[in-house]
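Okay, structure first, notes after.
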Amino acid sequence: MWHSIPLTLFWFSYFGSLGIFFPFFTLYLRENAGLSGTEVGLILAITPLVGIFAQPIWGQIADRTGARSRTLAFLTTGTALGYLGLGAASGFWPIVLATAMLALVGTAIFPMMTSVSLAILRDAGHHAFGYVRAWGTIGYFIVIMLFPWMLQNFPPRLEHGAIDAGVSQPGLGLMFTITAGWVFVAAFIAFFIPKKGAVALRAARGDWHELIGNRPFVRFLGFSLFVHFLMQGPMWLFPLFVRSRGGELTTIRDMWILMLLVEIPLVLSTGSGLKRLGARGLLVIGVLVGGLRWMLCALVADPTLLFAVQALHGVTVVGLNLGSPLYLDVVAPEKLRSTAQGILSMVATGIAGMASNISAGWFIDRRGIDVLYLICGAGLLVLGGFACWILPAAQSSARDIQTAALPSDTVA
């Protein structure tokens, strides 16, 4: 359908920007900016800390005004400017400030684009969201393939505060300019995303109180808090894990390529998976496989086998990052979909992410990164085992699960 074209292009371009930033930002902070593990953890915690406040506020603005598409365009434009500011910052405190400014708008994009997509694609068929979301992964894949080539063909410079010894890629600061360019493209496309229909549904003042009394929603938030506490830190510190095993920039890239090659077909088949397993079933599989991946990362020493283990990332993405918004879209009122997705991000990537990044950065300075992955993996396996008891089966009194969650059918 024609209205899905700008939506597809938006996912492609915005996720393309993440193909540079997400895999390499931690490496940039550690080596190019010359920060300690604790300082890296603190900076990574800034984004979720700001998101705790920003995400539900932007969600409420979108739901109250009904201008979800326009809000998405505004947030994306601000995010592009934020990447340019972050690239210009040097030293611990300036980077902290620039990260906070970026997070003020950037943290709200994913929940907003998810709620907009679910609204626009609600009547487009079982596989619609999976197809649109898959183009995001394709954009991520293309850019992560191209970025090392870009570094080789542009004159490198040593970033402010970088130390000569141990810097695997002196010109890594180029990532901020290229990332900003991709996000500007996404912002331009966002102005063409449909603005009428279900995406413009408005909520009345005080309607958000309905979420407080929604027991499946509240229990799901608690479950997500613990899952993402065990998931976020190891994911953001993954480049440092690869470096601890002797890997280079190309090693990180190659591992991500494997992850994405597995992820793309799995995302495309999300519709069939949801029909068979339900949103809760997808979540359970995502958490269990995520736990298994972290455990194997800690225990496997052979480089070839360790490389193969990263294929499990695709299953985790489909199970956790797609299952979560789909489950939420069923248990939360439709008029509050942006607020609900914003609160989920506030809890999962905000509160849990902040605590996870700070504790993980502190932990690797004292106990080592392998122990971190071992503990987090074991914790996820326990949570996955109890998931069906914690989460009630997703049912909606107003919408059928196959025509509401699925017609709209995801580090770092």
Filter result for residue 35 (of a type in the set (A, V, I, L, M), surrounded by fewer than 23 Cβ atoms within 10 Å (Cβ to Cβ) and not in a helix (DSSP H, G or I)): yes
Exactly one of 379, 368 is surrounded by fewer than 21 Cβ atoms within 10 Å (Cβ to Cβ), out of contact with any Leu (no Cβ under 9 Å at 6 or more places or on another chain) and of a type in the set (Gly, Ala, Ser), and that residue is 368
If we scan the range 326-349, do we find a residue that is among the aromatic types (Phe, Trp, Tyr) and either closer than 13 Å to residue 224 by Cβ or assigned to a loop (DSSP other than H, G, I, E, B) (or both)? yes
Going through the range 270-295 in order, the residues found to be among the hydrophobic types (A, V, I, L, M, F, W, C) and under 15 Å from residue 390 (Cα atoms) are 279, 282, 283, 284, 285, 287, 288
Kindly indicate whether residue 75 is among the hydrophobic types (A, V, I, L, M, F, W, C), in contact with a Phe, Trp or Tyr (Cβ under 8 Å, 6 or more places away or on another chain), surrounded by fewer than 22 Cβ atoms within 10 Å (Cβ to Cβ) and at pLDDT 90 or above.
no
Flagged in the range 227-250 as surrounded by fewer than 24 Cβ atoms within 10 Å (Cβ to Cβ), of a type outside the set (Asp, Glu) and not in a helix (DSSP H, G or I), in numbering order, are 245, 246, 247
Filter the range 38-49 for residues that are more than 25 Å from residue 174 (Cβ to Cβ) and in contact with a Ser or Thr (Cβ under 9 Å, 6 or more places away or on another chain); the one that is surrounded by the fewest Cβ atoms within 10 Å (Cβ to Cβ) is 45
Restricted to the range 21-32 and to residues being buried (at least 21 other Cβ atoms within 10 Å of the Cβ) and within 17 Å of residue 231 (Cα to Cα), the residue farthest from the chain's Cα centre (by Cα) is 26
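Using the structure shown, decide if residue 70 is assigned to a helix (DSSP H, G or I), within 26 Å of residue 5 (Cβ to Cβ) and basic (Lys, Arg).
Criteria met by residue 70.
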Pairing a residue in the range 64-93 that is under 30 Å from residue 208 (Cβ atoms) with any residue that is among the aromatic types (Phe, Trp, Tyr) and not in a helix (DSSP H, G or I), where Cβ atoms lie under 6 Å and the two sit 6 or more apart in sequence or on different chains, gives 73/191
Inset, instruction - Check the range 322-345 and report whether any residue there is over 21 Å from residue 69 (Cβ atoms), at pLDDT below 85, of a type outside the set (A, V, I, L, M) and in contact with a Ser or Thr (Cβ under 8 Å, 6 or more places away or on another chain). - result: no
By residue number, the members of the range 251-291 that are within 23 Å of residue 149 (Cβ to Cβ) and hydroxyl-bearing (Ser, Thr, Tyr) are 251
Quick count over the range 315-344, residues being more than 11 Å from residue 221 (Cβ to Cβ) and small (Gly, Ala, Ser), is 4
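The values are calculated or read from the model by the stated rules, or taken from the named source; none is laboratory data. Note that this is a predicted model, so its numbers are computed, not measured. A quick note on method: Cβ atoms are made from the backbone with ideal geometry, for glycine too, and the neighbour counts reach across all protein chains shown.
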